[in-house]
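In what follows, a structure is listed as structure tokens, so that the remarks can point back to it.
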Amino acid sequence: MLKEATSLILKHTVVSRKHLTPELALRLITPDCPLWRATEEQTPFKDPFWAFYWPGGQATARFILDNGNLVKNRNILDVGCGCGAGSIAAAKMKAKRVLANDIDKFAVIATEINAKLNDITVETSTTNLIGDRCIEFDTILIGDMFYDEEFANLLFEWLHTLSADGKTVLIGDPGRHGLTARRRRSMSLLAKYRLPTHSTMENNGFTHSTVWRLNT
Ligand SMILES: C[S@@+](CC[C@H](N)C(=O)[O-])C[C@H]1O[C@@H](n2cnc3c(N)ncnc32)[C@H](O)[C@@H]1O
């Protein structure tokens, strides 16, 4: 599975730096790839979220690269790592330990490929950690995971428990409906970024993305 998945990812993606963190090279499906316009039947991947660098994830990674002190010597868990950019940024900024977690096997394989591309190693896992106490970690990274109402409810409640337990929860989000005004009132805005114009097509029309910290 690993060898096959790796060659499929290498075959269908290109290395891109056209995003908010150009210091990170990432293998992605871009408008230059045939799969960009493929129908569901034509793609060998089911919902390849990992093949896109979502605006929420771009903001989280940008923020980490600019504020390395927040991750240096800390134990970082990147939930829903997708292409792995948040994890790679944290490892680059000298986090003590980084676990890139995603329930999609292709996402963690893509993360390992991308980590290697940036001369970084990160641990990976496909365990669904929602509800876990995450005792080994002090900082949780969330990039663009509030796109679904039902999942947003579950996710936010869990993140609140972790934050109340003293963990730092950083959330990157471009304004998805799951991050409601009420939820935003229990968060502090840390940064707002304008997304590169060449990537707005990939960003579903979002022009900005933000980073928040969940209040304890
Ligand atoms: C919209 S993508 C964001 C990816 C990446 N964080 C970014 O911003 O580019 C959401 C990711 O969350 C993953 N995901 C969904 N439910 C999950 C869960 N319960 N635990 C871990 N990952 C999950 C999906 O497989 C997908 O890769």
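Read-outs: derived from the displayed coordinates by stated rules, not from any lab. Everything numeric in this text was worked out from a predicted model, so none of it was measured. Heads up, the Cβs are rebuilt from the backbone with ideal geometry, glycines too, and the neighbour counts pull from every protein chain shown.
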Discussion item. Using only DSSP helix segments of four residues or longer, with each worth -39500 (n - 2.57), what per-residue ellipticity at 222 nm results for the chain after dividing by its residue count and rounding to 500?
Written reply: -9000 deg cm²/dmol
Discussion item. Nearest 10 degrees is fine. How inclined is helix 149-164 to the longest principal axis of the chain, computing both from alpha carbons?
Written reply: 50 degrees
Discussion item. For VAL98, what residues show an amide H to amide H distance below 5 Å, using hydrogens built from the backbone and excluding near sequence neighbours?
Written reply: ILE76, GLU123
Worksheet item: Excluding THR13 itself, what net charge comes from residues whose Cβ is under 11 Å from its Cβ, given Lys and Arg +1 and Asp and Glu -1?
Response: +1
Worksheet item: For SER16, which sequence-distant residues (separation of 5 or more, or a different chain) have an amide H within less than 5 Å of its own amide H, given hydrogens modelled in the peptide plane?
Response: LEU26, ARG27, LEU28
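Treating only the Cβ atoms of Lys and Arg (+1) and Asp and Glu (-1) as charged, compute the dipole magnitude of the chain about its Cα centre; round to the nearest 20 debye. Intermediate results must be reported in sequence, preceding the final value.
On the way: 26 positive and 24 negative charges, 161 e Å.
With only Lys, Arg, Asp and Glu charged at Cβ, the dipole is about 780 debye.
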Worksheet item: Ranking MET1, MET187, MET145 by Cβ neighbours within 10 Å, fewest first, what do you get?
Response: MET1, MET187, MET145
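Count the DSSP beta bridges whose two residues both fall in the chain, then state the antiparallel fraction as a percent rounded to the nearest 5.
45 percent
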Discussion item. I'd like the orientation of helix 55-66 relative to the chain: the angle between its Cα long axis and the longest Cα principal axis, in ° from 0 to 90, rounded to 10.
Written reply: 70 degrees
Response to the item:
When ILE142, ILE64 are ranked with the fewest other C-beta atoms within 10 Å first, the list becomes ILE142, ILE64
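I need TRP50, TRP158, TRP212 ordered by Cβ neighbour count within 10 Å, fewest first. Intermediate results must be reported in sequence, preceding the final value.
Numbers: TRP50 28, TRP158 19, TRP212 24.
By the 10 Å Cβ count, ascending, the order reads TRP158, TRP212, TRP50.
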Discussion item. If I model the stretch 64-216 as equal point scatterers sitting on the Cα atoms and use the Debye formula, what is log10 I(q)/I(0) at q = 0.09, 0.11, 0.16, 0.18 Å⁻¹?
Written reply: -0.26, -0.40, -0.90, -1.16
